[in-house]
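Asker: The structure's right below; bear with me while I get my questions together.
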């Protein structure tokens, strides 16, 4: 019912949004002689803010068409090299001719960046991809909005996720590298463990976990505490809704993206209120650059997708309530997941000192589980002064975290 009410509310507000846009365009039009009057500026800013806050945010574009290598521009093309109803494996292919001009004569390490399936689209990692592109052959998991998938396609759960990671690593060829950002940590470790145990030729050469809840019992954050305090039945009763028409996935039971978005924003409600107030003030003052930065951030932040009921609930149960992986109780397709079998996959963990989603220690737990990895194949790094988002994006990621990850991958590519 909540999903249907949300859809009704959005469509019922369409006339008001249309009127707001018309008023904004009228009062801010350069041919309007009153456009520079303070009253006109306030009206234009208020109507713009209303239209912006109440509109629907679709899946953003990647907007990556080139990178710089040795100071030379290299064109980048994005295309899907493998897909299922649930994900597209996107390859950021760099033009060979441009690579030669830039002096790149050898093949760069193939890296699979596993984007989180936790509410936002993979484009949230645009900055992560941009950082990796000059030095790596980059692929990323571009997860599909569950409400776009027909019920005829069946289920998608935690174990399907593990299978998908293995399938995509095989597409990259022998011994690629995998980088798991946030939520994918446990299923990626499970997939790597299975591939190591089977001596799969496409098992990763290295795995890097960034802000991942490998063991959510350590340094519990507000989301961790909520997951532990609420009984499992509460999540099933209060967080799962049915996709209404006209979406292709009508009838599918999902954890809606708008519910997740509300949870995200309520954690820092004052910060978001202040940001929108500042946006209004920038519009009134005619500060287009600052207003554009606000829109750029929120165009991404407010774009959300739905998760299937089974994937969401199993993640709550396996990762945040029963902690099956760190307790040595996780099984996949009837087989135990034993990270101790991993011996020839290098392991790096990255955490943020101020992370309020995956507390310090939760990602490091991977080192405790993977007991047989030699010390010279390990690296543990905690970045001072950054929160969860700063672990994989922003200035400190580019300048302090990424160079360490690059060096780690390069070292174990050579090995």
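Taken together, the values in this text are just the output of simple stated rules run on the coordinates, not laboratory data. Computed from a predicted model, the values in this text were never measured in an experiment. Here Cβ is always computed from backbone atoms with ideal geometry, including for glycine, and neighbour counts include all displayed protein chains.
Asker: So how do 161-167, 3-9 stack up, highest first, on mean other-Cβ count within 10 Å?
Answerer: Final packing ranking: 161-167, 3-9.
Asker: Give the separation of the Cα centroids, region 265-319 to region 331-378, in Å.
Answerer: 30 Å
Asker: Rounded, prolate or oblate: which fits region 16-121 when a ≥ b ≥ c are the square roots of the eigenvalues of the alpha-carbon gyration tensor, with rounded for a/c under 1.5 and prolate only if a/b beats b/c?
Answerer: Oblate is the answer for region 16-121, as a/c is 1.5 or above yet b/c matches or exceeds a/b.
Asker: While we're on this one: How large is the translational diffusion coefficient of the chain in µm² per second when you combine the Kirkwood radius over alpha carbon pairs with Stokes-Einstein at 37 °C and 0.692 mPa s?
Answerer: Values: Rh = 22.9 Å.
This corresponds to a translational diffusion coefficient of 143 µm²/s.
Asker: Could you check the spin-label model distance between residue 250 and residue 57? Points 7 Å from the Cα along Cα→Cβ, value in nm.
Answerer: 2.8 nm
Asker: To continue, here is another question. Angle check, please: helix 288-301 long axis (alpha carbons) against the longest principal axis of the chain (alpha carbons), in degrees 0 to 90, nearest 10.
Answerer: The angle comes out at about 50 degrees.
Asker: What is region 1-44 by shape, rounded, prolate or oblate, if you read a ≥ b ≥ c off the alpha carbon gyration tensor as root eigenvalues and call it rounded for a/c under 1.5, prolate for a/b larger than b/c, and oblate otherwise?
Answerer: Taking the square roots of the gyration eigenvalues as a ≥ b ≥ c, region 1-44 is prolate.
Asker: With an 8 Å cut-off on Cα pairs and a minimum separation of 6 or more residues, tell me the relative contact order of the chain in percent.
Answerer: Working: 729 pairs, mean separation 75.5, N = 415.
Contact order relative to length: 18 percent.
Asker: With viscosity set to 1.002 mPa s and temperature to 20 °C, compute the Stokes-Einstein D of region 78-156, Rh being the Kirkwood radius across alpha carbon pairs; µm²/s, no decimals.
Answerer: 152 µm²/s
Asker: I need the peptides 173-182, 147-156 ranked by packing, meaning the mean over residues of other C-beta atoms within 10 angstrom, with the highest value on top. Don't skip to the answer; put the middle values down first.
Answerer: Numbers: 173-182: 23.0, 147-156: 15.6.
Top of the packing list down: 173-182, 147-156.
Asker: So what's the angle, to the nearest 10 degrees on a 0 to 90 scale, between helix 38-54 and the longest Cα principal axis of the chain?
Answerer: Approximately 40 degrees, to the nearest 10.
Asker: Still on this model: Efficiency by 1/(1 + (r/R0)^6): what FRET value for residue 217 and residue 11, r their Cβ-Cβ distance, R0 = 60 Å, to the nearest 0.05?
Answerer: FRET efficiency, residue 217 to residue 11: 0.85.
Asker: If packing is taken as the average number of other Cβ atoms within 10 Å across a peptide's residues, how do 119-128, 264-273, 69-78, 214-223 rank, most packed first?
Answerer: 119-128, 214-223, 69-78, 264-273
Asker: Next question, about the same structure. May I ask for the angle, rounded to the nearest 10°, between helix 2-12 and the longest principal axis of the chain, with both axes built from Cα atoms and the value confined to 0 to 90°?
Answerer: 40 degrees
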